[in-house]
Each structure stands twice: as structure tokens, then as C-alpha cells.
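Have a look at the structure below before the remarks.
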Amino acid sequence: MHYQSPISPGVSWYEASVGARPEYDPLDGDTACDVVIVGGGFTGLSAAAHLAKAGVSVVLVEAHRFGDGASGRNGGQLNTGQRAWPEELEAELGFARSKALFDLAEEAKAHLLDFSAAHGIEIDYVPGHLSVAHKPRLLDDYRAHVDIAAERYGYPHLAFMDAAETAERLGSARYHGGVRDTGTGHIHPLKLLVGTARVAAQAGARLCERTPARAVSAEGGRVRVTTPHGTITAARGLIATNAHGGTLEPASAAHIMPIGSFIGATAPLGADSPVLPGGESVDDSRFVVRYFRRTRDGRLLFGGREVYSTQDPQDMTAAIRRQIAEVYPALAEVALTHAWGGYVGITLPRKPFVREVMPNVISAGGWSGHGVMLSNFSGRLYAEAVAGNRDRLAMLEALDVPAFPGGRRLRPALLFLALNWYALRDRF
């Protein structure tokens with residue numbers, strides 16, 4: 001079977017709060033179309049929606065249900081720019097390319113909000129984000145980042161926070177300072193995903209849940225996707241499986257590695273709670289990032305983990321509660337109403353992997369924890385490419401993303417060692 005088992009146990013708070021999800025029938029026989037898409041997350045469904053709205057015939061297959069992968073179970077944070085700060089990319093790529101990638105990400109942010117508003121998708125958007133430093137020696141970089149963003153990248157929405165302001169905005173003295181971003185925010189990702197699927201279906205895309213792709217091939221100018229329920233033949237194909245591609249396509253598997261990420265949701269904390277009084281989302285400076293935010297009904301959603309392996313932890317709640325208590329000691333015994341996990345697709349340099357992996361077949365993934373807005377926008381960029389304008393998608397295709405070392409057999413073990421090494425460094 002050529003697809004990754006979907007998720008760790010645990011019903012997410014997103015699933016519990018989104019209401020009944022529409023169901024889409026599996027494929028029921030051979031069919032043909034203009035574009036076939038494998039993967040029903042943000043990338044695939046966004047591409048399907050934009051293609052179908054442009055009059056392109058689309059068939060999308062998803063092995064499980066829409067929202068069962070990372071797109072429906074993530075931290076819900078939009079963030080700003082690419083995964084790396086623009087000054088880091090500038091050192092590698094030069095100012096022109098770094099600025100173009102930053103601007104592309106800003107357009108992705110605006111597109112997500114505009115698309116949701118235009119199609120009546122209530123995504124529970126809350127503005128504001130805090131990036132905080134867990135080590136004092138990082139503060140000079142944070143302070144410089146604010147100036148660089150404003151002066152070189154035309155982004156005036158950042159402000160440096162000292163330790164006192166950070167403690168006030170977090171409701172915790174755990175961090176030493178950071179940056180406040182008023183130009184971004186956080187959403188309910190499953191609501192966005194369900195809404196995007198609705199838009200795609202209403203525009204005429206054929207969406208097929210519970211239809212795993214067994215093989216993808218490209219011969220004689222035609223792309224073929226084989227499933228247990230029939231074969232789809234198309235002029236073009238998009239592989240949008242991200243962390244869940246398994247062995248379906250070897251180039252994607254070599255460049256995109258699945259790692260586990262786990263989130264807990266507390267019971268509502270109450271209107272008088274000092275936790276995040278401004279409603280911002282948060283990420284910290286650890287390599288193994290901790291990320292958290294309040295929901296509209298007052299819960300704390302807290303994600304991150306210290307130990308990486310290919311096995312799910314026996315008790316997600318214990319690990320999540322320990323991390324919550326480090327930041328908010330008063331919540332050490334807080335009730336967790338939901339705890340869930342999933343797989344995030346990462347690449348070695350934390351840049352997206354977008355490549356033509358066989359004739360007329362593009363693979364897009366490896367968003368490395370920064371995919372809520374970038375993966376959605378990549379679906380639109382793919383639709384642009386199908387329409388004849390590949391210039392903006394080519395900006396992502398041109399990124400240098402080497403394969404993980406070690407080959408299929410050794411790669412998971414090497415990743416396990418590397419991530420645990422970085423987790424150890426985070427403590428010192």
C-alpha cells in the first residue's frame with residue numbers, strides 16, 4: 001500500500017468543533033480529466049478549486065477524509081514570510097530573490113483571507129502573533145529583525161518586546177523577549193479546509209475521499225493514477241501528499257520527511273485568565289518549536305514535543321502537559337479535553353519542495369511547519385501554471401532543496417538522531 005497511515009490517535013478539537021464534515025464518494029471506475037490531483041489537503045484542494053473555477057476538469061483523490069492529515073490538524077498559525085527570516089534567505093539567495101519570496105508569502109497571506117471572505121468561509125481569524133526567545137543571547141537578532149523587516153522588506157508590522165512586555169502579553173515570565181507581529185494571525189484550519197473543498201466541488205471538481213493512489217506514471221504524454229477503485233488518465237498531475245506520500249513517488253519521498261507533531265487543547269480558561277490576554281498566537285525560538293494560542297472559546301491550544309521517533313507516544317497528554325507547565329506553571333494540572341497528533345512534512349533546509357518529478361507531474365510539499373498559508377497559495381500558483389503562467393510557481397521550484405541523506409532505510413534513523421540532538425541543544 002503506497003500511502004502513509006494518516007494520524008496518531010486522538011480526536012482533534014478542530015474536528016470536535018467544526019460540525020459535520022461533508023463526505024465525498026470514492027472513485028467508482030476509470031475516468032479521464034485535464035488534471036488529476038493526489039492529496040486532499042490545503043495544496044490539493046486549493047489547486048482543485050482554482051482549476052475548476054477556471055473551467056479545467058479536475059479529479060482529486062484522497063486516501064482518507066479531507067482534514068485527516070496535517071491540513072486539518074495543525075497549529076493554525078499563518079506567520080509571515082517563508083520558514084526562514086528574510087535576512088537569512090538574503091544571505092543565501094541575495095536580496096532580490098529573498099524580497100521576491102517574502103512578497104510572495106505576503107500575497108499568500110492576503111489570498112487566504114480574501115479567498116475565505118469571498119466564499120463565505122468562517123475561519124475564526126484572530127489577528128496578532130508573538131515570536132519569543134527562549135535564550136537571552138537571541139535578543140539582538142530579534143531586535144535587528146524588526147528593523148530589517150521594516151527598512152529592507154517594507155513590512156512595518158513588527159515591534160520588539162522586552163522581557164517585561166513579553167511577560168505581560170504571554171501571561172508568563174518564561175521567555176526573555178521577542179517580536180510582536182500585528183500583520184498576521186491564526187485561524188481554525190479545518191474550517192478553511194472544509195470550505196475550500198466545498199468551493200472546489202461547487203465549481204465542478206470531482207472530489208474522491210477514501211481513494212488511495214497506488215501508483216502514478218507518465219507515459220506517452222498522459223498521466224495515470226491507479227487506485228483500488230479505478231484509473232484516472234489526465235494531461236497533467238499534481239502530487240500534494242506532503243508527509244503522507246510514502247513510496248508513491250520516489251523523488252518526493254527522498255526530499256520530504258514526515259515527523260510527528262502533537263497538540264493538546266485545555267478546557268476553557270475563563271475570561272479572567274492571564275494567558276495571552278491579547279489573543280495572539282505564539283511560536284518560540286527552539287529548533288523543536290513550541291507553538292500555542294487561545295481559541296475563540298478560551299481554550300489554550302499548545303503544540304510541540306521534545307522527542308522525535310517513528311512511533312507515536314503512548315501518552316500524548318503527559319508530554320503536552322509537561323510543556324504547558326514549563327510556560328504556565330499554574331496550568332500544571334489543567335484538564336486537557338483533546339490531544340491529537342499528525343505528521344508534518346519537512347525538508348532538509350526547511351524550504352518547500354516543488355518539482356516536476358516526471359513529465360507533466362509536479363509535486364509540492366515539505367512546508368516544514370509553515371504551510372497554512374503557503375500550501376494554500378501553492379495550489380493557486382499551480383493553477384496559474386496550468387493556465388500558462390509558471391513564473392511564480394517557478395520561484396519555489398528554483399529553491400535548492402537537497403535530498404535527506406541515508407537512503408530510504410537509514411533516513412528515519414538519521415532524522416531521529418539529528419532532531420534529538422537539536423532538542424538537546426534547545427535546553428542549553
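Please treat every number below as a calculation from the coordinates, not as lab data. Note that this is a predicted model, so its numbers are computed, not measured. Cβ coordinates were reconstructed from backbone atoms using ideal geometry, including for glycine residues, and neighbour counts include every protein chain displayed.
Considering segment 46-70, the residues that are touching a strand residue (DSSP E or B) at 6+ places or on another chain (Cβ under 7 Å) and part of a helix (DSSP H, G or I) include one that is nearest to Trp367 (Cα to Cα), namely Ala70.
The strands (runs of 3 or more DSSP E) falling completely within segment 277-396 that include 1 or more residues that are in contact with a Ser or Thr (Cβ under 9 Å, 6 or more places away or on another chain) and over 22 Å from Gln77 (Cβ atoms) map to 353-358, 361-365.
Selection of segment 229-242 for residues being small (Gly, Ala, Ser), buried (at least 24 other Cβ atoms within 10 Å of the Cβ) and in contact with a Gly (Cβ under 9 Å, 6 or more places away or on another chain) yields only Ala240. Looking across segment 144-168, the residues that are farther than 22 Å from Ala105 by Cα and either surrounded by fewer than 20 Cβ atoms within 10 Å (Cβ to Cβ) or free of Cβ contacts under 8 Å to residues at least 24 places away in the same chain (or both) come down to Asp162, Ala163, Ala164, Glu165, Ala167, Glu168.
Conditions (1) β-branched (Val, Ile, Thr); (2) in contact with a Pro (Cβ under 8 Å, 6 or more places away or on another chain); (3) not in a loop (DSSP other than H, G, I, E, B), marked per residue:
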position	(1), (2), (3)
Thr166	yes, no, yes
Arg174	no, no, no
Thr196	yes, no, yes
Pro212	no, yes, no
Gly237	no, no, yes
Leu248	no, no, no
Ile259	yes, no, yes
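Among the conditions (1) in contact with a His (Cβ under 7 Å, 6 or more places away or on another chain); (2) in contact (Cβ under 8 Å) with a residue 60 or more places away in the chain; (3) not small (Gly, Ala, Ser), Val179 misses just one, which is (2). Is it true that Ala201 is crowded, with 24+ Cβ neighbours inside 10 Å, more than 22 Å from the chain's Cα centre (by Cα) and either more than 28 Å from Ser252 (Cα to Cα) or in contact (Cβ under 8 Å) with a residue 60 or more places away in the chain (or both)? No; evaluated as a whole, the condition is false for this residue. Filtering segment 82-99 to residues that are in contact (Cβ under 8 Å) with a residue 60 or more places away in the chain and part of a loop (DSSP other than H, G, I, E, B) leaves Gln82, Arg83, Ala84, Trp85.
Let's see how each residue does on (1) of a type in the set (Lys, Arg); (2) under 19 Å from the mean Cα position of the chain (by Cα):
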position: Arg73; (1), (2): yes, yes
position: Leu78; (1), (2): no, yes
position: Glu87; (1), (2): no, no
position: Leu93; (1), (2): no, no
position: Lys99; (1), (2): yes, no
position: Asp103; (1), (2): no, yes
position: Ala110; (1), (2): no, yes
position: Pro127; (1), (2): no, yes
